[in-house]
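First comes the structure, then the notes that go with it.
Just so you know, all these numbers are worked out from the coordinates, no wet-lab data involved. All values reported here derive from a predicted model rather than from experimental measurement. Ideal geometry is used to build each Cβ from the backbone, glycine not excepted, and the neighbour counts take in all protein chains shown.
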Amino acid sequence: MKKKSVKTHKNNAGSQDNVNRHEQTEEKLHHEEQRFRALVEHSSDIIVVVNLEGIITYINPSVERVLGFKAEERIGANVFELVHPDDMKFKFLADSFNILARDTNAPVIQGEIHLRHKDGSWRTFEAVGSNLVNNNVVEAIIVNYRDITERKRLEEKLRGEEQRFRALAEQSSDIIVFVNREGIVIYENPAVERSLGFKAEERIGVNVFELVHPDDMKFATDAFNSFTLNTSFKDINASVRQIRLRHQDGSWRTFETLGSKLLHDNIVEAVIINLRDITERKRKEEELQESEEKYRLIFEYSPLGLLSFDEKGVIVACNDNFVKIIGSSREKLIGLNMLNLPDKNIVSAIKKALNGSPGLYEGDYSSVTARKITPVRCLFAPIDVGGGRIPGGVGIIEDITERKQVEEALREGEEFYRTIFENTGTSMILIEEDMTISMANREFVRNTGYSPDEINGRMKWTEIVHPDDLGRMVGQHRLRRESQGGALPSYEFRYITKTGDLMDTLLTIKLVSGTKKSIASLIDITERKRAEAELQQTLESLRKSVGATIQVMVSAIEARDPYTAGHQLRSANLACAIATEMGLPQEKIDGISMAGYIHDIGKLSIPAEILSKPTKLTDIEFSLIKEHSHTGYEMLKNVESPWPLAQIVYQHHERMNGSGYPRNLKGDEIIIEARIMAVADVVEAMASHRPYRPGLGIDEALAEIEKNRGILYDNTVVDACLKLFRERGYQLT
């Protein structure tokens, strides 16, 4: 019995243990359930339990705080009831529900969904769904909704801000660079291409200091290192500096730098550098500085006295020349109020400038700071900054002491020259541009017979000019004004006096410097012209007399030696043609013609048998022949003639190198007429028949003078002769 009781007691004790363990488990489960429920009930997320038909069997209180519905309102409702219509269109939503409802091994499914708030607005949620499986059977679906509406709004705002920043950066005219802590460029906007010629993508991954000017490198690296290591301030705008960067073309551009840093957990993650191209501004600043320096130098070293004054008329600056003109010191002049000066005319001019208009003063200024009186001319001009504001003015002071002296000297000089003008023995007049005589001296009045009242300012210069000379007079007047140096300075013309007498006059005329007036002097050459006419008649008679004498000589030569006469005629004609080709005046050509007809007249003294000898001459005979130049000179030297006939005959066998005869003259010692005669004589003699040989022909003759051009014969004469035969078809006649 005892054993049985003990066994029974043991069995009862085992059962009790099982009961206790079960109760403990249930209590533990209850405790865990309460704890889980507390977590669910107090969760900020909406937690929903949905059966397999999509009906909500549980929803935590967060639904009221998030969507405005009480939890009990949502029990029994369809889980899709509050889903946005656009989300319902996606197959993903239905497929996800079906997978969770049917597949016990379905994974957790996540996605975004929009649910309607009780007030009609829409909220965005991050949904996480999983299934509740018991004994390998899906009993329900648990969905966790986390409200991300505000986060999405912030993300959207952030995206907008990012897009706005990117747009600003992309469109910015400044270069914007993002640099990591190692100094490597991680972003650079397109402005780098406009400013430095590099494409933005070329710059990504390169060292930010790669383009920095060597002279700026230390500043740039020190600033960057200090900036990245020190997190106690946010930017370096307070230490803005200028830096030079290399352009792709090798030139250097100047930039103004602004920097800021991106911090995360108090660590510099990146540096943002803003680079503004100020190259053009720097250039203009330098030009401005240069301009300011230039004007400062002009101000300081101007030969004029310069000063500036404020709106109260007080001198604020002046140069050394102003001090010198006034005869004072800079210390006494700076701060002087010019509106208090005793000279009311100067004060009036300064007030005029302060009212916006230039003020002028000229007179003898008596200095109030020094005992000095100086003749001055002053211009006071306003400094107009716009808007009707005149903050002061400037003064330009000229010492006109010398000008006054010059004016006095000019007055004296004018009186002096007027005295000369009036009392010279030559007629003189001043002619205006329209040919009116504005002033005439006593001699002109006396010679023309007109009174000063009839002439000065009333008479046209052309009124008294002889009609035959009027056209030339008007043409010269026009040339004198239109073409400097184109008009003749002197020429002859005739004018008619008041009594009708015709006067020959030599006019000398020129423009008065700086004006359109002409000053003319008229010399009466009536008597000279009469004497010249008489002389011309005498010369003409002499020419006729010489011509007759020459003709007699030619006839004598023809009678004794017909060959020599023919040679002289042809030589004379060729010499005249050469002289004409050379452009010599007719007077010389006439002389050459006359001399050519008798250039061998000295041969009259040579026996005829020698002249016509058909064989070679002996040395003695040739010596006699060579004497004909000197003999001819002796025959002609006392013949009165307007031409140097004797010298032409005397020199026509001389040569340029001195090898001729009879006096071995050379170069310019030989007159031009003789040089022409020498070439004509040689060409005719070689081309024509001689008593002792047949003619050599014109080609041989031209070859001779061409070969010895510049040696025996004058260059210009030879050139003219060759041109006559080779280009103009000249023939000996």
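Given N residues in the range 302-399, what is Rg(Cα) / (2.2 N^0.38 Å)?
In units of the globular-protein estimate, the range 302-399 measures up at 0.98.
Over the Cα atoms of the range 43-153, what radius of gyration and what Dmax do you get, in Å?
Rg then Dmax for the range 43-153, in Å: 13.4, 43.
Tell me the angle of helix 91-102 to the major Cα principal axis of the chain, expressed in degrees between 0 and 90 and rounded to the nearest ten.
It works out to around 30 degrees.
Using alpha-carbon pairs under 8 Å, 6+ residues apart, how would you state the relative contact order of the chain in percent?
With pairs under 8 Å counted, the relative contact order is 4 percent.
On the Cα set of the range 407-524, report Rg and Dmax in Å, please.
Rg, Dmax (Cα atoms, Å): 14.2, 46.
Taking the mean number of other Cβ atoms within 10 Å as a proxy for protection, how do you rank 58-65, 165-172 from highest to lowest?
Taking the mean over residues of other Cβ atoms within 10 Å, the ranking is 58-65, 165-172.
Based on Cα positions only, what radius of gyration and what Dmax would you give for the range 630-733, in angstroms?
14.3, 41
Going by how many other beta carbons lie within 10 Å of each one, how would you line up R458, R446, R675, fewest first?
Listed from fewest to most nearby Cβ atoms, that is R446, R458, R675.
Considering only Cα-Cα distances, which of the following residue pairs are longer than 25 Å: K344/K372; K312/K332; K218/K261; K666/K707; K294/K404?
Among K344/K372; K312/K332; K218/K261; K666/K707; K294/K404, the Cα-Cα distance tops 25 Å for K294/K404.
Using per-residue counts of other Cβ atoms within 10 Å, averaged over each peptide, order 309-318, 283-292, 647-656, 77-86 from highest down.
The most tightly packed comes first, giving 647-656, 309-318, 77-86, 283-292.
Using only Cα atoms, find the angle between the long axis of helix 586-597 and the longest principal axis of the chain, and express it within 0 to 90 degrees, rounded to the nearest 10.
50 degrees
Rounded, prolate or oblate for the range 172-283? Axes are the square roots of the Cα gyration tensor eigenvalues, ordered a ≥ b ≥ c, and the cut-off for rounded is a/c under 1.5.
Judged from the Cα gyration tensor, the range 172-283 comes out prolate (a/c at least 1.5, a/b above b/c).
Relative to the longest principal Cα axis of the chain, at what angle does helix 672-687 sit, 0 to 90 degrees, rounded to 10?
Helix 672-687 sits at roughly 80 degrees to that axis.
Ordered by residue, what ³J(HN,Hα) values in Hz, to whole numbers, does the range 111-117 give under the Karplus form 6.51 cos²θ - 1.76 cosθ + 1.60, where θ = phi - 60° and Gly and Pro are x?
x, 9, 8, 10, 10, 7, 6
What is the distance in Å between the Cα centroid of the range 118-177 and that of the range 428-493?
Here the answer is 107 Å between Cα centres.
Determine the distance separating the Cα centre of the range 381-423 from the Cα centre of the range 262-335; give it in Å without decimals.
32 Å
Over the alpha-carbon set of the chain, work out the extent along each principal axis and list the three values in angstrom, largest first.
215, 94, 51
How long are the three semi-axes of the equivalent ellipsoid of the range 252-342, in whole Å, if each is the root of 5 times an eigenvalue of the C-alpha gyration tensor, listed from largest down?
Listed largest to smallest, the semi-axes of the range 252-342 are 51, 18, 9 Å.
Let me have the 222 nm mean residue ellipticity of the chain computed from DSSP H runs of 4+ only, each contributing -39500 (n - 2.57), with the sum over all residues rounded to the nearest 500.
Result for the chain, helices only: -14500 deg cm²/dmol.
Which of rounded, prolate, oblate describes the range 540-726, given a ≥ b ≥ c as roots of the alpha-carbon gyration tensor eigenvalues and a/c under 1.5 marking rounded, otherwise prolate only if a/b is larger than b/c?
rounded
Please provide three numbers in whole Å: the alpha-carbon extents of the range 43-106 along the principal axes, with the largest listed first.
Over the range 43-106, Cα extents along the principal axes are 31, 28, 21 Å.
Which shape class, rounded, prolate or oblate, goes with the range 341-462 when its Cα gyration tensor gives a ≥ b ≥ c as root eigenvalues, a/c under 1.5 marks rounded, and past that a/b bigger than b/c marks prolate?
prolate
When Lys and Arg each count +1 and Asp and Glu each count -1, what net charge do the other residues less than 10 Å away from E422, Cβ to Cβ, add up to?
+1
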